[in-house]
Amino acid sequence: MVLSTTAESDESIDSCMFASRYMQTPLPRFRLPETSIPKDAAYQIIHDELMLDGNPRLNLATFVTTWMEPECDKLMMSAINKNYVDMDEYPVTTELQNRCVNIIARLFHAEVEDGKQAVGCATVGSSEAIMLAGLAFKRKWQNKRKAEGKPYDKPNIVTGSNVQVCWEKFARYFEVELKEVKLREGYYVMDPKKAAEMVDENTICVCAILGSTYNGEFEDVKMLNDLLVQKNKETGWDTSIHVDAASGGFIAPFIYPDLEWDFRLPLVRSINVSGHKYGLVYAGVGWVVWRSKQDLPEELIFHINYLGADQPTFTLNFSKGASQIIGQYYQLIRLGFEGYKLIMENCSANAKYLTEILEKTGRFSILSKEVGVPVVAFSLKDKNLEHDEYEISDHLRKFGWIVPAYTMAPDAQHITLLRVVVREDFSRALAERLAQNIEMVLQELEALHPKILITEDDNVEANGNYKEAGRQARHPDSVDKTKGIC
């Protein structure tokens with residue numbers, strides 16, 4: 001009997017991805033490979049590594065949007081190859097950006113006449129928006145000082161110590177002194193009275209935050225405005241306000257309409273907001289709007305014509321994708337005022353629900369406020385426990401939850417807290433599940449670490465080093481880690 005055989009080709013072998021040689025031989029990580037590999041192999045290798053990332057939907061550390069409707073996903077993918085800066089080539093995309101600027105400016109009560117264009121632009125996020133707004137304040141202050149024949153080499157800006165790290169970047173990169181109002185226990189935002197006291201003739205502006213990164217709380221912009229109006233009257237200065245509404249700008253207009261924080265206040269000259277947070281767009285879009293053209297010095301605007309037509313531009317970067325701008329316009333017309341209001345009310349209701357569950361345990365102090373960004377910030381009441389907030393955060397990871405633990409900003413950095421950001425895709429069912437998992441973690445930690453009493457005698461000198469009992473001993477370098485919390 002003759003047995004016939006058929007030789008297998010390399011193609012048939014490689015068609016089974018996990019039997020291919022590309023799954024056996026490690027690729028160089030930090031240098032360019034010498035040879036190419038099949039596209040399906042490249043895809044599978046990268047896809048498999050990415051499986052080890054956390055689940056974005058369970059990432060309760062981020063304010064950034066992690067879910068959008070499939071229709072919007074399709075629109076954004078269809079524009080992924082468009083460079084927004086090519087305005088002459090993509091005039092409709094430019095028009096959509098202008099519409100977004102006008103909608104947002106009017107949402108913030110800018111006095112824009114019918115048929116007139118609001119002053120503002122899209123950015124890659126609130127960090128760029130803040131840099132642009134800060135530069136406008138600095139240049140406007142310098143021009144005024146030059147005209148008055150006064151020194152203009154020592155500008156400063158007044159903020160709370162709870163500002164996001166982008167404000168520190170602005171101050172350092174553009175040589176502006178950062179004057180911080182320190183926090184204190186029980187008061188975790190900038191005190192308007194202390195801020196007004198720190199203002200001097202070199203202050204280019206005061207920054208107020210509508211939604212602190214640390215606990216979601218709104219700062220009192222109205223009180224700050226009134227205090228500065230009085231101080232300007234007494235001194236003859238013209239100190240104005242920038243509102244960092246990265247998180248709260250798409251919340252306050254819909255569920256706190258009577259709260260005065262925006263262009264209704266005369267000293268508010270510019271506002272930034274993150275479209276990729278509660279504007280409900282994927283990461284990569286922010287907005288900055290000015291009260292009027294007079295608040296944006298003309299010399300900061302560049303004009304180019306090498307893309308086909310005269311184009312004004314005021315950005316720190318040049319090229320950027322058009323997808324997020326298109327996604328923002330979709331959300332604005334798809335949801336309208338009614339849709340945004342319903343979503344923000346739902347987020348706030350779920351945050352309140354989670355807060356109530358945590359309060360009922362009797363184990364936590366709630367550091368977030370009912371009026372503010374839908375955030376639940378909480379800290380252990382009992383400071384004599386062997387475990388702490390960092391360990392709770394670590395143990396929640398095994399359930400898939402990413403809940404950050406960090407310390408408050410100076411001078412309240414002795415307070416450690418956990419924070420849950422309630423987004424559109426965080427349902428009541430997920431809130432219940434999270435609360436159950438927190439309770440399970442606490443029971444597990446208490447079984448592992450029985451309660452101990454910490455006394456002054458626990459801080460003793462041992463082997464030439466001082467050993468600090470309690471939580472800071474286990475996390476001695478934890479104090480300055482909050483700045484990266486986004």
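Within segment 324-343, residues that are among the hydroxyl-bearing types (S, T, Y) sit with their Cβ atoms under 6 Å from residues that are modelled with pLDDT of 95 or more, at 6+ positions apart or across chains, in these pairs: Y329/L96; Y329/C100; Y330/C72; Y330/L75; Y340/F254. Quick check on this structure: which one of D86, D73 is without any contact (Cβ under 8 Å) to a residue 12 or more places away in the chain, surrounded by 13 or more Cβ atoms within 10 Å (Cβ to Cβ) and in contact with a Gly (Cβ under 9 Å, 6 or more places away or on another chain)? Going through D86, D73 in turn, just one is without any contact (Cβ under 8 Å) to a residue 12 or more places away in the chain, surrounded by 13 or more Cβ atoms within 10 Å (Cβ to Cβ) and in contact with a Gly (Cβ under 9 Å, 6 or more places away or on another chain): D73.
Taken together, L296, L367, L358 contain a single residue that is surrounded by 13 or more Cβ atoms within 10 Å (Cβ to Cβ) and within 23 Å of H242 (Cα to Cα), which is L296.
So that you can scan it fast, the table gives a plain yes or no per residue for (1) under 20 Å from L367 (Cβ atoms); (2) assigned to a loop (DSSP other than H, G, I, E, B):
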position: I392; (1), (2): yes, no
position: L396; (1), (2): yes, no
position: Y406; (1), (2): yes, no
position: A409; (1), (2): yes, yes
position: Q413; (1), (2): yes, yes
position: L417; (1), (2): yes, no
position: R423; (1), (2): yes, yes
position: A429; (1), (2): no, no
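Checking each residue in segment 392-418 for being farther than 24 Å from N162 by Cα and open to solvent by 10 Å² or more (accessible area, probe 1.4 Å) picks out D394, H395, R397, K398, F399, G400. Annotation: W67 fulfils all but one of (1) open to solvent by less than 70 Å² (accessible area, probe 1.4 Å); (2) in contact (Cβ under 8 Å) with a residue 60 or more places away in the chain; the unmet one is (1). Of the listed requirements (1) buried (at least 21 other Cβ atoms within 10 Å of the Cβ); (2) part of a strand (DSSP E or B), L224 misses just one: (2).
Can you find even one residue in segment 253-261 that is touching a residue at least 24 places away in the same chain (Cβ under 8 Å), out of contact with any helix residue (DSSP H, G or I) (no Cβ under 8 Å at 6 or more places or on another chain) and outside the structural domain of F426 (by the TED database)? Yes, segment 253-261 has at least one match.
E389 meets each of the listed conditions (1) acidic (D, E); (2) open to solvent by 10 Å² or more (accessible area, probe 1.4 Å); (3) touching a Leu at 6+ places or on another chain (Cβ under 8 Å) apart from (2). Within the bounds of segment 262-283, is there any residue that is out of contact with any His (no Cβ under 7 Å at 6 or more places or on another chain), among the polar types (S, T, N, Q), buried (at least 22 other Cβ atoms within 10 Å of the Cβ) and in the same structural domain as C100 (by the TED database)? Within segment 262-283, one or more residues are out of contact with any His (no Cβ under 7 Å at 6 or more places or on another chain), among the polar types (S, T, N, Q), buried (at least 22 other Cβ atoms within 10 Å of the Cβ) and in the same structural domain as C100 (by the TED database). Taking the condition surrounded by fewer than 24 Cβ atoms within 10 Å (Cβ to Cβ), among the hydrophobic types (A, V, I, L, M, F, W, C) and at pLDDT 95 or above, does I241 pass? Taking the combined requirement at face value, the residue satisfies it.
Residue check, G308 against (1) part of a strand (DSSP E or B); (2) modelled with pLDDT under 95; (3) not acidic (D, E), all met but one. Which one? The one condition G308 does not meet is (1). Quick check on segment 345-360. Is at least one of its residues among the hydroxyl-bearing types (S, T, Y), out of contact with any helix residue (DSSP H, G or I) (no Cβ under 7 Å at 6 or more places or on another chain) and not assigned by the TED database to the domain that holds H276? Yes. Checked against the criterion of being more than 30 Å from F426 (Cβ to Cβ) and either outside the structural domain of D425 (by the TED database) or surrounded by 10 or more Cβ atoms within 10 Å (Cβ to Cβ) (or both), segment 46-54 has no qualifying residue.
The values are calculated or read from the model by the stated rules, or taken from the named source; none is laboratory data. This one's a predicted model, so the numbers in the text were calculated from it and none came from an experiment. For neighbour counting, all protein chains shown are included, and Cβ atoms are generated from backbone atoms with ideal geometry for every residue, glycine included. In case anyone asks, the SASA skips ligands and DNA or RNA and just uses the protein heavy atoms, side chains included. Shrake-Rupley method; radii C 1.70, N 1.55, O 1.52, S 1.80 Å.
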